[in-house]
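Asks: My structure is below; once you've seen it, I'll send some questions.
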């Protein structure tokens, strides 16, 4: 199989996990092969960021420079310099200890890539859309892992479809993170006929990305999107659903502790309650799904499939055009990979 050449926009925890997983080549918690492509077939050929600490560094170094990501694999230099990009949204200065560095020369980072992966900071709609448009101009597929609703914008979808390019997103769904667990348990109760009356998912996290998730405008946006998903698709009273970030603890770095609660009734009105405390690391949890999405996007390119990749989106993302249960989304993804489904 040919290499899958990707360019990264945003060199943070997720990028650090991706670099390590590619270096390792395989992992028992990751699909070995998707449509003939292995993890080792993914190659990072470009990288963009605006954090002055990262710009000019090799991407293998820049991804760990904040100190948030855990290093589980020795990573060699990749010979890919992080280029200064553009930041069109406002963020607190504390997120950039040495300031922001911007340039229009970042476009060179995209030229060799098949796919541009947008992992820039959360709640950056102007910036995310800007990079999607640049990918489109250069005839690159686009994956948006952030919470900015770019891939689900009908206008953007139409442009990529007309250009013969695939696009997918938004807001990556982890392999076994707290959001995935919350959704899975809700689906379990509802499929079994139980009535869920109250539920919440509250997160405590650290690191730069955790800090930004708790920055008030971003926190409220993510909380609203997560809560809306549960309300819209799982038939629970809107007043009884809360899902989102609750606090920031710097020394937690790339780890996240979540508290989940479920209260409801079974037959004859018998009450039940469940409380869950769950801790995981964001980067490794997300990267297992990201490498599946990358490989599926390349499969779409090989087949000349363009526009929004519905089966891939339902499998790998939280902001999607429609809702299906997790097990159905997994089946749809597998059918797409096998060629049974067109999109």
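Asks: Return the pair list, or none, for Cβ contacts closer than 6 Å from residues in region 78-91 that are assigned by TED's automatic domain parsing to the domain that holds residue 18 and modelled with pLDDT under 95 to residues that are in a loop (DSSP other than H, G, I, E, B) and crowded, with 21+ Cβ neighbours inside 10 Å, at least 6 apart or on different chains.
Replies: Listed by first residue and then by second, the contacts come to 89/124.
Asks: Of the conditions (1) under 19 Å from the mean Cα position of the chain (by Cα); (2) assigned to a helix (DSSP H, G or I), residue 116 clears all except one; give me its number.
Replies: Among (1) under 19 Å from the mean Cα position of the chain (by Cα); (2) assigned to a helix (DSSP H, G or I), the lone unmet condition for residue 116 is (2).
Asks: Taking region 1-34, which residues are surrounded by fewer than 21 Cβ atoms within 10 Å (Cβ to Cβ) and closer than 20 Å to residue 140 by Cα?
Replies: 1, 2, 3, 5
Asks: Another question about this same structure. Would you call residue 82 under 16 Å from residue 14 (Cβ atoms) and part of a loop (DSSP other than H, G, I, E, B)?
Replies: Numbers: under 16 Å from residue 14 (Cβ atoms): yes; part of a loop (DSSP other than H, G, I, E, B): no.
It is false that residue 82 is under 16 Å from residue 14 (Cβ atoms) and part of a loop (DSSP other than H, G, I, E, B).
Asks: Need at least 2 residues that are in contact with a helix residue (DSSP H, G or I) (Cβ under 9 Å, 6 or more places away or on another chain) and at pLDDT below 80 per element, so show me which strands (runs of 3 or more DSSP E) inside region 167-281 make the cut, counting only ones lying wholly within it.
Replies: Details: elements: 195-205, 241-248, 255-265, 271-281.
Because the criterion is at least 2 residues that are in contact with a helix residue (DSSP H, G or I) (Cβ under 9 Å, 6 or more places away or on another chain) and at pLDDT below 80, the strands (runs of 3 or more DSSP E) in region 167-281 that meet it are 241-248.
Asks: Which of (1) exposed (fewer than 15 other Cβ atoms within 10 Å of the Cβ); (2) touching a strand residue (DSSP E or B) at 6+ places or on another chain (Cβ under 9 Å) does residue 74 not meet, given it meets every other one?
Replies: Result: residue 74 passes all but (2).
Asks: Here's a follow-up. In region 35-51, what residues are in a loop (DSSP other than H, G, I, E, B) and under 14 Å from residue 120 (Cα atoms)? Give the derivation first.
Replies: Narrowing region 35-51 to residues in a loop (DSSP other than H, G, I, E, B): 35-36, 50.
50, the sole residue that qualifies.
Asks: Still on this structure: Take residue 73 and tell me if it is over 20 Å from the mean Cα position of the chain (by Cα), more than 22 Å from residue 282 (Cβ to Cβ) and at pLDDT 95 or above.
Replies: On the way: over 20 Å from the mean Cα position of the chain (by Cα): yes; more than 22 Å from residue 282 (Cβ to Cβ): no; at pLDDT 95 or above: yes.
No: the conditions fail for residue 73.
Asks: Residue 95 versus (1) touching a strand residue (DSSP E or B) at 6+ places or on another chain (Cβ under 7 Å); (2) surrounded by 14 or more Cβ atoms within 10 Å (Cβ to Cβ): which is the lone unmet condition?
Replies: Among (1) touching a strand residue (DSSP E or B) at 6+ places or on another chain (Cβ under 7 Å); (2) surrounded by 14 or more Cβ atoms within 10 Å (Cβ to Cβ), residue 95 violates only (1).
Asks: For residue 294, state whether it is in contact with a strand residue (DSSP E or B) (Cβ under 9 Å, 6 or more places away or on another chain), outside any strand (DSSP E or B), outside the structural domain of residue 189 (by TED's automatic domain parsing) and within 25 Å of residue 155 (Cα to Cα).
Replies: Working: in contact with a strand residue (DSSP E or B) (Cβ under 9 Å, 6 or more places away or on another chain): yes; outside any strand (DSSP E or B): yes; outside the structural domain of residue 189 (by TED's automatic domain parsing): yes; within 25 Å of residue 155 (Cα to Cα): yes.
Taking the combined requirement at face value, the residue satisfies it.
Asks: Right, something else. Mind counting the residues in region 306-343 that are surrounded by fewer than 22 Cβ atoms within 10 Å (Cβ to Cβ) and either touching a residue at least 24 places away in the same chain (Cβ under 8 Å) or part of a helix (DSSP H, G or I) (or both)?
Replies: Going through region 306-343, the residues surrounded by fewer than 22 Cβ atoms within 10 Å (Cβ to Cβ) turn out to be 306-307, 310, 318, 321-332, 334-335, 338-343.
Applying the additional criterion that residues be either touching a residue at least 24 places away in the same chain (Cβ under 8 Å) or part of a helix (DSSP H, G or I) (or both) yields 306-307, 310, 318, 321, 323, 325-332, 334-335, 338-339, 341-343.
The qualifying residues number 21.
The values are calculated or read from the model by the stated rules, or taken from the named source; none is laboratory data. Owing to the predicted nature of the structure, the values given are computational and were not obtained by experimental measurement. Glycine gets a Cβ as well: all are built from the backbone with ideal geometry, and neighbour counts include every protein chain shown.
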